[in-house]
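The values are calculated or read from the model by the stated rules, or taken from the named source; none is laboratory data. Quick caveat: nothing in here was measured; it's all calculated off a predicted structure. Quick reminder, even Gly has a Cβ in these numbers, built from the backbone with ideal geometry, and neighbours come from all protein chains shown.
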Amino acid sequence: MNRIPVTKTPKVYIGGAFVRSESARTFKVNDATGAFFGNIPQCTRKDLRNAVEAAAKAGPGWARRSPYNRAQILYRLAEMLEARSGELVTSLVRFGAREADAARGMSVGVDRLIHYAGWADKYEQLLGSVNPVASAHFSFTVTEPMGVVGIISPDNPPLLSLLSMLAPVIACGNTVVALASEKVPYPAILLGEMLATSDLPGGVVNILTGFRRELVPTFATHAHLRAVYAAANGEERKAIRLGAAASVKRVRFTDIIGKEWFADSAQGLEAIRDFVEVKTTWHPIGS
Amino acid sequence: MAATRKTSGGTRPGLIFGDLWEFDPAPETADPKLKSRYDLFIDGRFVRPRSGRTFDSINPANERKLAEIALAGPADVDAAYRAAGRAFRGWAATPGRERGKYLFRIARLLQDRAREFAVAETLDGGKPIRESRDFDVPMAAAHFFYHAGWADKLEYVAPGRIAGPLGVVGQVIPWNFPLLMLAWKLAPALAMGNCVVLKPAETTSITALKLAEILQDAGLPPGVVNFVTGAGETGAAVMGHPGAAKVAFTGSTEVGKAIMRQLAGTDRKMTMELGGKAANIVFDDAPIDQAVEGIVNGIFFNQGHVCCAGSRLLVHEPVAEQVISRLRNRVRVLRVGDPLDKNTDLGAINSREQLGRIRRLVASGVREGAQMYQPPCRLPERGYYFPPTLFTRVTQSHRIAREEIFGPVLSILTFRTVDEAIEKANNTPYGLSAGVWTDKGSRILRMATELKAGVVWANTFNKFDPSSPFGGYKESGFGREGGRQGLLDYAHLA
Amino acid sequence: MPRTSQTALSRLLDEVGAVDQVGVEERVAKFATRSIKKASKVWGLRMAVSMTDLTTLEGKDTPGKIESLCRKALRPHDDPDVPAVAAVCVYPSMVRHAKALVGGSGVNVASVATAFPSGQTHYRTRLAEVRGAVADGADEVDMVINRGAFLSGEFSRVQDEIAGVVEACGASALKVILEVSELETFDNIRMASFLAMGVLRPGDFIKTSTGKTTLNATLANNQVMIEAIRDFYMDTGVAVGMKPAGGIKTAKQALHFLVAVKETLGDAWLTRRRYRFGASSLLNDLLRQIEKEKTGAYQAPYYFSDAAESY
């Protein structure tokens, strides 16, 4: 008799814990062969609300950590992903990815995390400045994290795009509430497990699963989200901008699609610059 | 309302710092995993020197031999440069992202073996285990980690220019922070894509050769980094070899000048990080206890074997007595002794030679009429030790105010005005660092503007970070280490 | 009014000097690296026991609870080499019960007073409470300063109120709680320390906190206060004691505090006459470490009387 395997109950990673949706709703996900895979939490706007609270609670501590510390944690996350890349590739393939693409996506994803780990203690020197003002003042400009940032990632490639979007945002001290791919949510569930074992404090990254049409409006209007970073079509973009206006939310859309996520052009300093505030301070120079 | 009643004159009450609560010995017991003999590290392997000669490395805490170190002759230095030259093509062509990952590995492996390296560093050089454990080793790992992240971001190093490697760089480092100086030199050079031939100081070669094991474990391609151990002759060979596109030297100003003379007539790029005689300036509105702590850190950290040590205290006359009396109380509780004891604050002087130099300069201070204070302390019978020493009534004309002592000796001068403080602070051929202690922000910024020093510490001292550029003005050298600015010194800009 | 308080503040700050927070944190980090072993560890642990003000300050305190506390205070453990604690610290209504049990034993009765912990009642009420506690037999009184007055810049008032409490104490010693969490800055803590010491007598104490807020004694605020005590002593010859209270739960922490005293105030302050720990669960951790040094084996918490942990 063949051994019956134990299937995993998919739960979402919010506030450092693995939970079901507060609504207790789930939606069925089948693998690429059409076979039943699992019931994924169908998150509600209340889950989103809870996630934003968790992210806000984790925010001050994360922002106060030294850039070196954040860099080390991002690197450790890369270590976790690398060590379990086999499992991640398997899950991507299970949901329809070509093996070669999935493997390449994993390598790119790990290296991308390391790329942003390496930015954490460097971007300040490039984005900040000492300003040569005409008066007897020392004028300096520094960056600061914005706060809680909402991320809406695309369906393809499901894991690499999510990693590519959240890494720069947390590297500079923000905390994140992310919506995973609607069609291929399971790799994001696994990502949650790796976040939990990476020394990343609970609440810094929170990942929801569910339906875009149910959640995107709340991403747009929740006033405590200081920014939204989304992969979205024309209609969604308009809705997001409309909802964001009430809280003067900073809105960024990514135009990267599909295979473009694999390229080096999909990473860089600009992704960090988009999610920092800029503050200039003056002080007299004298005796 | 009486807040504090300041007494003027009369007998002041004293504090008792005695032996009511004597600490038991608290030796660090981790195994440094030392070998009895260390060979040269060339082309990814440990090799004997052509001459077969070795020299001894001794533990300055007890004068006992620790290991035999290979002595590299000119032929070995040449072999190292050739190995580096061969490795350069492949290394420079390695994508930055992959080069960076080697450096990340080195950082992590060093963190794994941190305690072992800290003990080895203390045994070989004499610094207290608390410092090698809490400062040297973690900071060395941080340098590798920081620079690893630059390797794939070179397009940001010099806006508008393409930054690439220079080729093979020759590096000579000092004995005061052996592993850390090694990290300061290797990390930026490798991040930029250069290959390296490096000579550690002759009294402290061990942690470099232990790091070579880590380079092997990290899979660093052979020849990218080569270590040739030896003394002055070996150093001259490293600096003078025609294969070096650039040389970097950290050490005394005297030797730095000799190297500059040696290299006159070549086009060799060079950076120098030399000596210092930093002024630590305390104003009357400074938070006094924290200033005292800063003064103590400034001159007694690493027994004063620090190029940027705050070896001159310039104290504002109105608070001179207060500061000096608190300083005396503070040094009375400094613990001098076995560097391997976790409670030791001041360890051993690095070598007999250095101890001799310190003694000679201190004697000159006494002879020239300065007032010396040393707290009572029991020094171990064997080993090279010197107690923390304060000199008051020092003026700019004293030798101890002008010459670098490189020991736990503080020369204390006074000043009356801000302008005078600036004058006195800048009145030196050196210009590595300076300290400013005041509660007034605008004064900090003015002092920072006017002090001729590459590093100014305000209300703090001896703070280092891989992202923060470090280096001197005038005879303290040129070039910077750390930050984006430090990378430029290892870059070829196209 | 703001103008007056501004001037008074800068005058006071000028007199006592400012404190750099980062600098203090760095200094005290070194205390925490001291490694205290063997005989010196046992010495430190026993000293800490003898310095403990064993405390119960709960709304639900009863004579029965006080009896339990006092028995523990008199004889913390079966080991004859373990000393008694310095004092028991209780609410005014419990002073009589405590005194009946420990009076004459060498263990003092300390009473909180002056509307502890907030201090927010009329001054005459606060004074009456002090007199009552002293009349009931309190050997020591732990008062709270008027933080509202301090933060509005009414420094004379703060000091005068303390002076009044000193008088009301008579022969009993006074400990002045600054409530560091509400003063927030180290500059404020230093200023408040000097305000208090200006009217204290040798044998009185300044104290960090009530233990009723979320931030209590740390090595850093302890350092600010003992440096103030040292400076005051050097200026006037008056030796005031120090009591960190709340937040010190482990023997290891207590030893670090003692290192701070040793290196800042020196040997003369390593005595219960000039240093106290305001604590409750600390005592059992001290005993636990003493027993471990004696037997070589790590101890479980439930080997010690009055331990809360059952697991």
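In the set A:Val228, A:Val278, A:Val248, only one residue is more than 14 Å from chain B (Cβ to nearest Cβ), outside any helix (DSSP H, G or I) and at positive phi; that residue is A:Val248. Would a scan of region C:41-50 turn up a residue that is at the interface with chain B (Cβ under 9 Å from one of its Cβ atoms), in contact (Cβ under 8 Å) with a residue 40 or more places away in the chain and of a type in the set (Val, Ile, Thr)? Within region C:41-50, not a single residue is at the interface with chain B (Cβ under 9 Å from one of its Cβ atoms), in contact (Cβ under 8 Å) with a residue 40 or more places away in the chain and of a type in the set (Val, Ile, Thr).
So, in region C:112-149, of the ones that are under 20 Å from the mean Cα position of the chain (by Cα) and closer than 15 Å to C:Leu183 by Cβ, which residue ends up surrounded by the fewest Cβ atoms within 10 Å (Cβ to Cβ)? Among them, the one singled out is C:Ser118.
Taking the conditions (1) in contact (Cβ under 8 Å) with a residue 40 or more places away in the chain; (2) surrounded by 23 or more Cβ atoms within 10 Å (Cβ to Cβ); (3) assigned to a helix (DSSP H, G or I); (4) in contact with a helix residue (DSSP H, G or I) (Cβ under 6 Å, 6 or more places away or on another chain) in turn, A:Ala220 satisfies each one other than (1). Residues that are more than 7 Å from chain B (Cβ to nearest Cβ) and in contact (Cβ under 8 Å) with a residue 40 or more places away in the chain within region C:8-28 comprise C:Ala8, C:Leu9, C:Leu13, C:Gln21, C:Glu25, C:Val28, listed in sequence order.
In this structure, B:Ser311 qualifies as under 24 Å from the mean Cα position of the chain (by Cα) and surrounded by 21 or more Cβ atoms within 10 Å (Cβ to Cβ). Here A:Leu163 clears all of (1) within 12 Å of the chain's Cα centre (by Cα); (2) within 13 Å of another protein chain (Cβ to nearest Cβ); (3) over 15 Å from A:Leu269 (Cα atoms) except the condition numbered (2). Within region C:98-119, residues that are in contact (Cβ under 8 Å) with a residue 60 or more places away in the chain reach partners that are basic (Lys, Arg) and part of a strand (DSSP E or B) with beta carbons closer than 8 Å, at six or more positions or on different chains, in the pairs C:Ala110/C:Lys175. Criterion applied to B:Gly256, B:Gly298, B:Gly276 was being touching a Cys at 6+ places or on another chain (Cβ under 9 Å) and assigned to a helix (DSSP H, G or I), and the one residue passing it is B:Gly298.
Only residues that are farther than 26 Å from B:Gly164 by Cα and either more than 16 Å from the chain's Cα centre (by Cα) or within 13 Å of chain A (Cβ to nearest Cβ) (or both) were counted in region B:465-486, giving 3.
The set of residues from region B:276-286 being within 9 Å of chain C (Cβ to nearest Cβ) and either surrounded by 24 or more Cβ atoms within 10 Å (Cβ to Cβ) or of a type in the set (S, T, N, Q) (or both) comprises just one member, B:Ala286. For region C:273-287, how many residues are within 14 Å of chain B (Cβ to nearest Cβ) and assigned to a loop (DSSP other than H, G, I, E, B)? So the count comes out to 2.
Just one of the numbered conditions (1) at pLDDT 95 or above; (2) out of contact with any strand residue (DSSP E or B) (no Cβ under 7 Å at 6 or more places or on another chain); (3) more than 9 Å from chain C (Cβ to nearest Cβ) is not true of B:Gly9: (1). Of all the criteria given as (1) among the hydrophobic types (A, V, I, L, M, F, W, C); (2) more than 11 Å from chain B (Cβ to nearest Cβ); (3) farther than 24 Å from B:Asp345 by Cβ, the one not satisfied by C:Phe232 is (2).
Highlighted here are the helices (runs of 4 or more DSSP H) found entirely within region B:12-128 that include at least 1 residues which are surrounded by fewer than 15 Cβ atoms within 10 Å (Cβ to Cβ) and under 27 Å from the mean Cα position of the chain (by Cα): B:96-112. Can you tell me which residue is nearest to C:Leu12 (Cα to Cα) among those in region C:174-188 that are in contact (Cβ under 8 Å) with a residue 40 or more places away in the chain and surrounded by fewer than 22 Cβ atoms within 10 Å (Cβ to Cβ)? So the residue we want is C:Asp187. Residues in region B:140-173 that are within 14 Å of chain A (Cβ to nearest Cβ), assigned to a loop (DSSP other than H, G, I, E, B) and in contact with a strand residue (DSSP E or B) (Cβ under 7 Å, 6 or more places away or on another chain): B:Val157, B:Ala158. All conditions but one from (1) in contact with an Asp or Glu (Cβ under 6 Å, 6 or more places away or on another chain); (2) more than 14 Å from chain C (Cβ to nearest Cβ) apply to B:Phe391; the one that does not is (1).
Quick grid of which residues meet (1) under 30 Å from A:Ser91 (Cβ atoms); (2) of a type in the set (Lys, Arg); (3) more than 14 Å from the chain's Cα centre (by Cα):
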| site | (1), (2), (3) |
| --- | --- |
| A:Asp199 | yes, no, yes |
| A:Pro217 | yes, no, yes |
| A:Ala230 | yes, no, no |
| A:Leu242 | no, no, yes |
| A:Val248 | no, no, yes |
| A:Asp255 | yes, no, yes |
| A:Gly258 | yes, no, yes |
| A:Ile285 | no, no, yes |
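Residue count for region C:250-270, restricted to those that are within 11 Å of another protein chain (Cβ to nearest Cβ), among the aliphatic types (A, V, I, L, M) and not in a loop (DSSP other than H, G, I, E, B): 6. Residues that are in a helix (DSSP H, G or I) and closer than 17 Å to A:Val52 by Cβ within region A:166-185 comprise A:Leu166, A:Val169, A:Ile170, listed in sequence order.
Here A:Thr197 fulfils each of the conditions (1) farther than 30 Å from B:Ala191 by Cα; (2) of a type in the set (Val, Ile, Thr); (3) away from chain B (no Cβ under 13 Å); (4) surrounded by fewer than 23 Cβ atoms within 10 Å (Cβ to Cβ) apart from (1). Evaluated against (1) within 11 Å of chain B (Cβ to nearest Cβ); (2) part of a helix (DSSP H, G or I); (3) surrounded by fewer than 23 Cβ atoms within 10 Å (Cβ to Cβ), C:Glu227 falls short on exactly one condition, (3).
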